Amino acid sequence: MEKKLITTEYALLSSVRALDQGDVETIPERLERVWDIISEYNGGYFHATEEMLLRWLLKNMTGSTANAERLRRYPRAWDILRKVFVLIIPYSLAKSLADRRFTIILQQTLKEIAQPQQETAPTNDEESDVEMTDAPSPASPSVSFNLSTQKSVQGCLQTAEAVFEALRTLLARCDFNPVGREHPHFQFHRMGGHHIKSMFYTSSTEMMELMVPMLTLCDLAIKNTTPGPLKGQSWWLSTFGATWDLHQRGPRDAAEVATHLSLLGTRLLGKLTGVPQQISLTIEPLTQERWAKDLRRFLARNLILPGRAAFLNRKAEELVQVAVEISSISSSITFPVLFDLVSGHGGNTSIKDHESWAQSVFDHILKASKRVSPPSNGLAAIRSIMDMAVARNTVLTISSLRRVCKEYALRKNEDDWDLLLSIVKLNPDVFLLSDEGKELLDQILDKTQKSELLSEGDFEKGAKFVVLLADGYAQAREVPTLIKTWYKYLAPSNPKDKLQPLWAQEELAKTFARFLQSSLTSDQLAGLVGWLSVQKVHAAKIHILAAISRGISQEAYIDAVNMAVFDGVFAEKISKKDSPAVSACRWNVAEITLRRVTVEEAGKIWERVGSDLEKTLRNSPMQQEDTFAAFRCCVSMWLANYTGAKHEKEAAGLACSFVERLEKDSETIMEVEVDSAAGTVTKEAYIEWIFSGWPQLVALFVKKTGQVPKVILSAMKPSGAEDSSRIDIASKVSDLVCNVDSIFDNLQVADALLDAFISLIDTSIAGRGGRSTNVGIRSLLAIPFEALRSNHRGAAMKALVAHLPGESDKAEAIGVEYWRSVLALMVKLMGRPARYEGMSFKQLEAIGRCLLAIHKRSNRGSRDDLITDEVTRDLENFEELELLTTLTIRQMASGTLGDFEKTYLSEAISILRNLSWSSSDAIVSVVLLRAFVSEIEKHPHALKQLQESDLEIDSLINNDLLQGAATVVTSGKWRGKKLVSLLLALSALDGLDRAAVQKAVAEAVPSLLETSNTLIANDVSAGWKVRMFLANHFPQALGSPFKITMHPSTSNSDNSVEQEASVLNEYTNTVARAADEATKLLYLKELLLGENDGESRTEYLRIIGTLIRHLRGSKPSESTASFDLSQVHNALCRKLERTTSPAHFLLLAEAIESILVESPACMTQWNIDLTLSTVAVIGSHSSMQVIIAASPIAYAQLSNLVEVVIKRHRKRLDGHFHIFLGTLQALLRLLLARPYDASNGNITAPHPVWEKDARHFSRLLTLICEPINASVSRSNSNSKLESDKDRAKKYVGQYMYLVIMQYIKLQLECVVPHVVREALEKGVFSIVSITSRGGLKIMTDGMDQSGRAVFKELYAKYEKFGKWSGV
C-alpha cells in the first residue's frame, strides 16, 4: 500500500512539473493527465506537490490575457482546484490562496461567465486556427478550450458548475478539522480555516462583486434549454448564502442587498416558487425546492428583517423604497414576491407591528406600480398581491384599498371584478364607512343593473361580490341599509322586465337568511317588514320578504313578523300576469308561515288564499314552479289544520285531488327535464319532496283515501318490456323510499310499497339479469329488516327462486354481481321464518350448481394459475350459500316438526346422501352437507324425531361429511379452481373430531404444507388458512412455524395492511395457543436472533408482537443460557434503535411497551436503563425526524415507553436518574426542533399534531414531578415524618431544573408555536413547583441574559396561573 502511495505521489509530481512544458493549446491534455492522477489520490505524507499545482493554476489564471481567460473558463482547472483544496492542510492552503489573490481570480471568473455571448466566428488571429466545436452538454466530461465556445451559455454553465463546486468545497474545508480537539495540531488547522474565511472578510460593497454574478448564474441556469442537471446544482444557492455570511458586517449591508440583489433575487424567487404563476423550469424539482428555500432565507435575513427592524425602530422606509424601485423593472414578478416575503415573515413581532410593516411595503408597491411601463404589468402585480392578501387574510388600510379600487379596479374602458372581489373580501368597510366609499359602491352597483353586459366569468364574480357585500353590511350592523339597497337594485328598471339576476340569486337570499337574526332585533325587523310592505314594486318586495321568511326561526322573531311577512307578500291580489317565479315566492312564504302558526292563524290564511290556491292547483300546468310551490303550501295547510280544525277537510281534499291529478297528468311531465331558468318541475321532484320533505303525507293520504298514492306505486311499476326511462324513475323513487325509515311504520303503506318492490323482480328467465330486477333486489336490501313481514319474505323468495334452473336443466353462469346481491337478499329474507309455495331443498342445490358454473367458467383456461381475486369472490359466494342453507335448516329444525318440515328435511337428507364428490362438484357437496350437519346437531329435538322416522341420518352426520371432505383434501395438488374446494373442505373439517380428522387426512399433510408455502410465497391469503388448519391438527408438521418465505407486501392501502395484519395475527394466535411458554420463547428467539434478524420485515415484527402478548413471564430466568423476556426486550431495543421505517418503528415500540406493561417482573435494571437509553439515542437521530413527519403517532409512541417506565418501574430510577434526565432532554429537543412543522405557517398558526405531541411530553413531566402513590410507595420505609410521595418529589426536584434550562435554550434556538408552548406549560410549571429556591438560583446563574429574560416571563406566568394541583 505504501509503495503504491509513493508511486502515485511521484506520478503526480511528474505531471505537475510537465505543466510548464508545451504551448497553450496542449494545456487541456496536460491538465487531464493531472486530473486522472489526482482524482484517485487521497493525499500523502506531504503536500508540496499539491501546493505547486495550486500556485501554477492560480498564476496562469491571473491577468487579462485571452489565455488566462481561457484557463479561468476551463472547468477542468476548477475541478483540479476543488480536489487540491481537500488535499492541502488549511493553514498552508490559506497562505497559497492569499499569495495568489484567489478571491480576485474568483471575482473575475464569475463576472466573465455571468455574461454569456452568442457563438460567433473567431476574429482573433491567435485563435483562428482552433477548431470550432459544438458546446457540450453540462453532463459531458469533455470541455472545449476554445474561448468562443466557452463564452456560450452552455460553456458558461459548465464553468459555473465547476466553480460553485470548488467554492463549496473550500468553504466546507474551513469548518472541517481532520483531527480531534485533543490533537496538538487542532488549533493549527482551526487557524488555517479562519485564515481562509478572512479572504472573504470584505465590505458588503466589495462582496457584491461576487454575489451579483453568482445570483446571475443561478438565473441563467433556470433558463438553460439543454436537458440534464448540472453536478451539485442544488447547492448553488446555499453556497451563495454561505459566501455572503463571511463578509464584514456593517450598517450598509441591507442597503447593498436592496440595491444590487433585490431585483435578481425576487425575480429568481418568483420563478422558483411560481409567484405570481407557475412556469416550467429546466432544473430538477428537488433542486428547485431547495433553491427556493435557500433564497427565501437569504432575502428574509438580509433584506426583509433589516427593513422591518428599521421601519419599526426608526420609521425608516429607505430600504423598502430602494428595493421596490430597483425591482420595478420586472414588477409583475418582483412586487408579488416582495409582498409574499413581507406578509409571510411575522416572526416574534406583535400583530400590530407586522400589519403596519406590511402596509408600508404595500403602499410603496402601490405607488411604484403607477410608474411601471407598460401599465398592464403594474395591474398584474396588484392583482397577484391582492390575491395573496386574501389568501393570508392580510390586514390593509381602507384608504389603500380604496386607492386600488379607484386606480385599478374601476378603469374607464373595463372593470376588474377580480380586484373588486379581493377588496370586498379583505374589508367590505371600504365601501360602507365614508362618502367616498359609498360613491365607489354606487358606481359598482350601477354596473350590476346591466348584468347582461357582463361576461360569464365577470357575472359569477359580480354575484360573489354582492354576497360578500351583504356580509359586510351585516358585520357593520347596517342590515336596514342592505335591505333598502337590495330593494333598489333588485327592482327592474322596466316593470315588465324580470328581477335583476345578480340581486335575485339564491346564494344572496341564503346568506341574508343566515345572518338576519344575529344582526337585527325583532323590533328592527318588524319595522323593515313594514317598510317593505308598502313598496310599489311588488316582485322585488316579495323576493326580499321571502328571504326574511326563510331567515327567522327564533320564537321572538316569529311572533314579531311571521304574519306580517305573509300580509306584506299577499297585500296585492294574485294576478295571472305574475310570473311563475313571483307566484312561487308567494306560495313559499305561505308554506313557511303555515309551519309556525296557530290553528286560528291558519284559518285566516286559508280564508285569504284558499280560493287562489284551489285555482292554481286545479288549473295551472303541473310542471310550473308556482304549481309545485302551491302544492307544498296546500300540504302545510293540511298539516296546520290537523286534526279536526275548521279547514282540514277542504285542505285535505284539495291536496288529495291534486295527488290524483298528478297521476293522471304524469304522462305530460314524465319526460320533462328540470330547467332552472324556465322553472319547470318533473314528476320525480314531486315524489322526492313527498318523501324527503313531508313523508307523513303518505300516511295522511292513506288515512284519508284508504289507499297509497298511485303516483308513487305507478312510478315503481314499469310496464311491459325493459323501459329505460321508466326504470330510471323507478330506481330514483325506490331510493327515496328506502331513505325514509318512518314510511314503513304504517302497515298499509309498507305493504303497498313492499309489494311494489317485489313486483319489480321479473320472474321470467330472461328478466333475471334485467335492470328492473336489479332495482327490486337493491330496494329490498335497503329497507329495514323489521319492515319485512312473513308474507313479503315468502313472496320475495318465490320471485327469486323462479330464476333457478330446473332439476334437469343445465345451470348457466349468470353474472357474478347478480348472485352476489341475490344471495345477500336471500340471507336477509331467511333471517326469520319464511315459507313460500314450492319451497324445496332442491332450490339450494340449484343455487349451488349455478355458483359452480360461475366458478368453472371464471377459471377456464387458467387451471394452474393463482387467481386470488376470483378465488376470494367465489369463496365468498359459497360461504353465503352455506349461511343461507344454515338459516333454512334452522327454520325447519326449530320447534316441533310438522309435516312440511319433515318433508323438507327428508328431501334434504335424500339429496345430501346422493351428492357427487367428484373433483369438479365437490364444492357444492361440502357446503350443503356441512351447513346441514352443523345446524341439525344444534337441534337434538329435531334430530331425535328424524331418527325415529327410520331415516338413515346417523351415517350422514358421523361419516359422510368427514369422508367427503377428506376425499377433497387428499385428492391432489391445489391450485387455481381447486383451491376453493380445499378451503371449504378444510373449514368443514375444523368443526369435526380432531383425532378422526388427523387419521383421515394424514397422507395429505406434505401436499398441504407445500401448497401453503407456495400460496404464502405468492402473497395469496388462502395459504394462511391452509397453514392454520395444519397448526390446529398437525403442529409437528410445521417444524418452525414462523420460518416462512413471505411475499413482500406491495400494497400501501389501509384495507390491505389491515387484512394482512389480521391474517398474521390469527395465524400467530393459532400457533401460540398450542404452545407452552418455553416453546413461545423459542419462536421469539428464532425470529429475533435467527436468519431473519437482519431483515426486520413488517410481517415478522407483527408476529413478534402477537407472540409477546401471549407470554406472561413471572420473573427473569436465573440461567444465562436460557432465552427469556428480558433478552427479548434487549433484542427489540437494539432493533428499534436501528430502524428507519415508520411502520417498523411503531410495531417495535408497541412490542417493547407490551413487555414493560404486561411482564414487569421479568424486567431487570438493565432493561429499564436500556429502554431509556434507546429513547435518548433515537431522539438524537436525524432519521427520527423523518419518522415523526411520516407518522403522526410516532412521537406519542416514543413517549409511551417513558411513561410506562415512570408508572410501572418508578423505583428503578433511583440512582439512575441521570439516564432518565438525558432521555427527557432528548425527547424535548426532538419535540421542539421540527423543521418540517416550523416551516408550515407562522408562530400563531395551529399545529394540531405538534400540539398533541407537546401534551404527551407535558404528561411525562407531570407524572415524574407529581407521582401517583402506587408508583413510589415502599413497604420498608423507615421515615414516619415524610411520605414516600414527598420524598420522591424532593429527589426529582434536585435534577429537573435542567429540563427547564434545555427548554429555554431550545426556545431561543427554534421556532416554537404558541400552541406548543401552551401545551408544555402544565409540565414546566410542575417542575417549577418542586424545584427549591436554591435550584432556581443555580438555574438562573447558568443562563445567559436572553435565557433569564425568557425564564422571568415564564416564572411570572407560573405565579399567576401555574400552581400545580395534581395529576
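Return the residues of the stretch 1214-1229 that are part of a helix (DSSP H, G or I) and either open to solvent by 30 Å² or more (accessible area, probe 1.4 Å) or at pLDDT 90 or above (or both); say none if nothing qualifies.
Going residue by residue through the stretch 1214-1229, those that are part of a helix (DSSP H, G or I) are 1217-1229.
Of everything in the stretch 1214-1229, those that are part of a helix (DSSP H, G or I) and either open to solvent by 30 Å² or more (accessible area, probe 1.4 Å) or at pLDDT 90 or above (or both) turn out to be His1218, Ile1219, Phe1220, Leu1221, Gly1222, Thr1223, Leu1224, Gln1225, Ala1226, Leu1227, Leu1228, Arg1229.
Select from the stretch 986-1005 the residues that are within 16 Å of Asn958 (Cβ to Cβ) and open to solvent by less than 30 Å² (accessible area, probe 1.4 Å) and list them in ascending order. Passing the criteria: Ala988, Leu989, Val997. Could you tell me which residue of the stretch 630-659 is least open to solvent (accessible area, probe 1.4 Å), considering only residues that are under 9 Å from Trp587 (Cβ atoms) and touching an Asp or Glu at 6+ places or on another chain (Cβ under 7 Å)? Among those that are under 9 Å from Trp587 (Cβ atoms) and touching an Asp or Glu at 6+ places or on another chain (Cβ under 7 Å), it is Cys633.
In the set (1) out of contact with any Phe, Trp or Tyr (no Cβ under 6 Å at 6 or more places or on another chain); (2) surrounded by fewer than 18 Cβ atoms within 10 Å (Cβ to Cβ), the condition left unmet by Ala1189 is number (1). Selection within the stretch 827-841: residues that are at negative phi and of a type in the set (Gly, Ala, Ser). The member of this set that is most open to solvent (accessible area, probe 1.4 Å) is Gly831.
The combined condition, being farther than 15 Å from Leu1087 by Cα and either open to solvent by less than 40 Å² (accessible area, probe 1.4 Å) or touching a strand residue (DSSP E or B) at 6+ places or on another chain (Cβ under 9 Å) (or both), is fulfilled by Val1175. From the list Glu1060, Glu1095, Glu1099, the lone residue that is open to solvent by less than 50 Å² (accessible area, probe 1.4 Å), over 21 Å from Ser1126 (Cα atoms) and at pLDDT below 75 is Glu1060. Only a single criterion out of (1) surrounded by fewer than 22 Cβ atoms within 10 Å (Cβ to Cβ); (2) small (Gly, Ala, Ser); (3) under 20 Å from Ile1108 (Cβ atoms) is not satisfied by Ala1151, namely (1). Inside the stretch 417-427, can you point out the residues that are more than 13 Å from Ile382 (Cβ to Cβ) and buried (at least 24 other Cβ atoms within 10 Å of the Cβ)? Val424 - this is the single residue of the stretch 417-427 that is more than 13 Å from Ile382 (Cβ to Cβ) and buried (at least 24 other Cβ atoms within 10 Å of the Cβ).
Which of the helices (runs of 4 or more DSSP H) found entirely inside the stretch 535-612 contain at least 2 residues meeting this: open to solvent by 60 Å² or more (accessible area, probe 1.4 Å) and farther than 22 Å from Leu482 by Cβ? Working first, answer last.
Numbers: elements: 538-551, 555-569, 580-594.
Because the criterion is at least 2 residues that are open to solvent by 60 Å² or more (accessible area, probe 1.4 Å) and farther than 22 Å from Leu482 by Cβ, the helices (runs of 4 or more DSSP H) in the stretch 535-612 that meet it are 555-569.
Does Leu992 satisfy being assigned to a helix (DSSP H, G or I), in contact with a Leu (Cβ under 9 Å, 6 or more places away or on another chain), in contact (Cβ under 8 Å) with a residue 24 or more places away in the chain and not aromatic (Phe, Trp, Tyr)?
Working: assigned to a helix (DSSP H, G or I): no; in contact with a Leu (Cβ under 9 Å, 6 or more places away or on another chain): yes; in contact (Cβ under 8 Å) with a residue 24 or more places away in the chain: yes; not aromatic (Phe, Trp, Tyr): yes.
So Leu992 does not fit the description; no.
Checked against (1) modelled with pLDDT of 90 or more; (2) over 35 Å from the mean Cα position of the chain (by Cα); (3) not β-branched (Val, Ile, Thr), Asn427 passes all but a single condition, namely (2).
Of the residues in the stretch 324-340, at least one is open to solvent by less than 10 Å² (accessible area, probe 1.4 Å), without any contact (Cβ under 8 Å) to a residue 60 or more places away in the chain and in contact with a His (Cβ under 9 Å, 6 or more places away or on another chain). Condition check for Lys1337 on (1) open to solvent by 40 Å² or more (accessible area, probe 1.4 Å); (2) not in a helix (DSSP H, G or I): one failure, at (2). The one condition from (1) part of a helix (DSSP H, G or I); (2) open to solvent by less than 70 Å² (accessible area, probe 1.4 Å); (3) modelled with pLDDT under 90 that Gln500 does not meet is (1). Evaluate the stretch 719-729: report whether one residue or more is in a helix (DSSP H, G or I), modelled with pLDDT of 80 or more and either open to solvent by less than 30 Å² (accessible area, probe 1.4 Å) or touching a Phe, Trp or Tyr at 6+ places or on another chain (Cβ under 6 Å) (or both). No, the stretch 719-729 contains no residue that is in a helix (DSSP H, G or I), modelled with pLDDT of 80 or more and either open to solvent by less than 30 Å² (accessible area, probe 1.4 Å) or touching a Phe, Trp or Tyr at 6+ places or on another chain (Cβ under 6 Å) (or both).
Counting only residues that are in a helix (DSSP H, G or I) and β-branched (Val, Ile, Thr), which one in the stretch 622-662 is farthest from the chain's Cα centre (by Cα)? Let's see the steps before the verdict.
If we filter the stretch 622-662 for residues that are in a helix (DSSP H, G or I), which is where we start, we get 625-640, 648-662.
Filter again for β-branched (Val, Ile, Thr), leaving 627, 635, 659.
On the way: Thr627: 46, Val635: 46, Val659: 49 Å.
Residue satisfying both the conditions and the ranking: Val659.
Please work out which residue is modelled with the highest pLDDT, limiting yourself to the stretch 913-934 and to residues that are in a helix (DSSP H, G or I) and surrounded by fewer than 21 Cβ atoms within 10 Å (Cβ to Cβ). Restricting to residues being in a helix (DSSP H, G or I) and surrounded by fewer than 21 Cβ atoms within 10 Å (Cβ to Cβ), the top hit is Ser934. Considering (1) modelled with pLDDT under 90; (2) under 22 Å from Lys710 (Cα atoms); (3) out of contact with any strand residue (DSSP E or B) (no Cβ under 8 Å at 6 or more places or on another chain), the lone condition that Cys634 does not fulfil carries the number (1). Gly22 meets the conditions (1) in contact (Cβ under 8 Å) with a residue 12 or more places away in the chain; (2) assigned to a loop (DSSP other than H, G, I, E, B) in every case but one. The failed one is (1).
One residue is enough: does the stretch 1107-1120 have a residue meeting the conditions at pLDDT 85 or above, open to solvent by less than 10 Å² (accessible area, probe 1.4 Å) and assigned to a helix (DSSP H, G or I)? Within the stretch 1107-1120, one or more residues are at pLDDT 85 or above, open to solvent by less than 10 Å² (accessible area, probe 1.4 Å) and assigned to a helix (DSSP H, G or I). Selection over the stretch 768-804 of residues that are modelled with pLDDT under 85 and surrounded by fewer than 17 Cβ atoms within 10 Å (Cβ to Cβ) gives a count of 1.
The values are calculated or read from the model by the stated rules, or taken from the named source; none is laboratory data. Just so it is clear, the model here is predicted, and its values are computed rather than measured. Ideal geometry is used to build each Cβ from the backbone, glycine not excepted, and the neighbour counts take in all protein chains shown. These accessible areas exclude ligands, DNA and RNA; they are computed on the full protein's heavy atoms, side chains included. Shrake-Rupley method; radii C 1.70, N 1.55, O 1.52, S 1.80 Å.
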